[in-house]
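Peer 1: I have a structure I would like to understand better, so I am pasting it below and will then ask my questions one at a time.
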Amino acid sequence: MTSPSALPPDAEALYAELLVRVRDAVTAQAEPPLLIGIYSGGAWLAQRLHADLQLAQPYGVVSSTFHRDDFATRGLHPSANRTALPVPIADRAVLLIDDVLHTGRTTRAAINELFDFGRPARIDLAVLVDRGGRELPICPQITAATLTLPDAVSLALLRDEDAPEGIRFRFDLVRK
């Protein structure tokens, strides 16, 4: 996708692809990694992946708010979400999950936040969409799709919790 007027990608189809790839990665390990979603889209994905994979261990959520390199200009949103890790992460394998990877700055901030809670044995990254444009050396191990979008357009994951078939995802293209 290269045009901002183009239709956004099918988030449900991409989720199905991500589920297959995450399932393969989880079952390939002797002990499943702890799923941790980056607030907010990554947290929604982690919640649904956790349910679809029927994992026994709970999933976690990490906020990148306090470690962002633009915190001084963005400030703290009054409804800022907090990191919630259900188990200690020291010496545990972690699968960090996000909806869209672009510059890598949110991922870096989320990893810094995780280290505030301990040193994981390993951190792998799974994303629904990798849109390129990296400003930091961050690379996902699991990706459902790679898309090219103009810098003036962002991809926003939305969820419908009231859908008859359960939580459903969709993307919107947002002009910056």
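Peer 1: Find how much the distance from PHE117 to LEU55 grows on full extension, using 0.36 nm per residue of separation minus their present alpha carbon separation; answer in nm with one decimal. Intermediate values should be presented prior to the final figure.
Peer 2: Working: separation 62, 0.36 × 62 = 22.32 nm, distance 2.21 nm.
Stretched fully, the PHE117-LEU55 segment lengthens by 20.1 nm.
Peer 1: Okay, next question. So how many Å³ per residue does the convex hull of the Cα atoms of segment 1-60 work out to? Mind dumping the intermediate values first?
Peer 2: On the way: hull volume 5.7 nm³, N = 60.
It is 95 Å³ per residue.
Peer 1: For the chain, what is the largest minus smallest coordinate of the Cα atoms on each principal axis, given in angstrom and ordered from greatest to least?
Peer 2: 45, 41, 31
Peer 1: Related question: Would you mind getting me the FRET efficiency between ASP160 and ARG82? Use the beta-carbon distance for r and R0 = 35 Å, nearest 0.05. Walk me through the numbers on the way to the answer.
Peer 2: On the way: r = 25 Å, r/R0 = 0.70.
About 0.90, to the nearest 0.05.
Peer 1: Then there is this: For the residue pair ARG170 and ALA30, what label-to-label distance in nm results when each label sits 7 Å from Cα along the Cα-to-beta-carbon direction?
Peer 2: With each label point 7 Å from Cα toward Cβ, the separation is 4.6 nm.
Peer 1: Could you grab the Rg to Rh ratio for segment 124-171? Cα atoms only, Kirkwood for Rh. Mind showing how you got there, number by number?
Peer 2: Working: Rg = 13.4 Å, Rh = 12.7 Å.
A ratio of 1.06.
Peer 1: Would you kindly state the longest site-free stretch of the chain, with sites defined as GluC sites (Glu not before Pro) in a DSSP loop (not H, G, I, E, B) surrounded by at most 12 other Cβ atoms within 10 Å? Display every interim value, and only then the final one.
Peer 2: On the way: sites that count: GLU135, GLU161, GLU165.
No qualifying site falls inside 1-134, the longest such stretch.
Peer 1: Only helical DSSP H runs with n ≥ 4 go in: add -39500 (n - 2.57) per run for the chain, normalise by residue count and round the 222 nm mean residue ellipticity to 500 deg cm²/dmol.
Peer 2: Numbers: 4 runs with 45 residues, N = 176.
The helix-only estimate for the chain comes to -8000 deg cm²/dmol at 222 nm.
Peer 1: Quick one: check the C-alpha center-to-center distance for segment 93-158 versus segment 16-32, whole angstrom.
Peer 2: Going from one Cα centre to the other spans 17 Å.
Peer 1: Sort the following peptides by mean Cβ neighbour count (other Cβ atoms within 10 Å, averaged over residues), highest first: 125-133, 146-154. Kindly include the intermediate steps, with their values, before the conclusion.
Peer 2: Values: 125-133: 21.8, 146-154: 13.9.
Sorting 125-133, 146-154 by mean packing, highest first, produces 125-133, 146-154.
A short reminder: the numbers here are calculations on the coordinates, not readings from a lab. Model, not experiment: these values are computed from the prediction. Cβ atoms come from the backbone with ideal geometry, glycine included; neighbour counts cover every protein chain shown.
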